[in-house]
Amino acid sequence: MSSAVITRVMLVCRQNSRRSQIAHGLLAARAPQGVEVCSAGLNGAGGLAPEAIAVMEEWEIDLRGHSSNALAEYQAQDFAVVIVLCGCLDELPAAWRQRPLVEDWDVADPRAGDLASHRHARDVIAARVEGLLLELGRD
């Protein structure tokens, strides 16, 4: 990918408190120059979950500076890539489903679980992020 090209990636889950925040932290930490990462909640901003912060700190990625945002705060046309993490692709507004690259990773929600369920979600998301990075690197 050329450093002159900016690829904006939007990561979406229900509340932007766990899965999309974990994905945001992982992708931002590993993305090449020219990739801008944002995350948002389909149903609004739910605040940052302490469990998400904790499992990312285990990998030396600090989410404490992140904010929880609603998808309505952004414009679909500003993003080339949209990744949905909650199995709710059909609920996204049409403009978001029509971006050049759209995927639904459908990661199980760790909300009701302990740190182990959050670690599992993090590990699943990390594997998917690696695949996405390979795809973004083909430009």
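Throughout, read-outs are computed from the coordinates displayed, never taken from laboratory work. Just so it is clear, the structure is predicted and the values come from calculations on it, not from any experiment. Virtual Cβ from ideal backbone geometry, glycine too; neighbours counted across all protein chains shown.
When the helices of the chain are scored as -39500 (n - 2.57) per DSSP H run of n ≥ 4 and the total is divided over every residue, the value at 222 nm lands at -10000 deg cm²/dmol.
Note on Glu135/Trp59: beta-carbon distance plugged into 1/(1 + (r/R0)^6) with R0 of 22 Å gives a FRET efficiency of 0.50. Here the calculated FRET efficiency for Ala112 and Cys88, from their Cβ-Cβ distance with R0 = 22 Å, stands at 0.80, rounded to the nearest 0.05.
Apply the a/c threshold of 1.5 to the C-alpha gyration tensor of segment 12-58 and tell me whether it is rounded, prolate or oblate.
On the way: a/c = 3.31, a/b = 1.27, b/c = 2.60.
Since a/c reaches 1.5 but b/c is at least a/b, the shape of segment 12-58 is classed as oblate.
Using only the C-alpha atoms of the chain, find the volume of their convex hull and express it per residue in Å³. Please report the intermediate quantities before stating the final value.
Details: hull volume 13.2 nm³, N = 139.
Per-residue hull volume (Cα only) is 95 Å³.
When the chain is treated as a Gaussian network with alpha carbon springs shorter than 10 Å, the biggest mean-square fluctuation among Ile22, Ile53, Ile61 belongs to Ile61.
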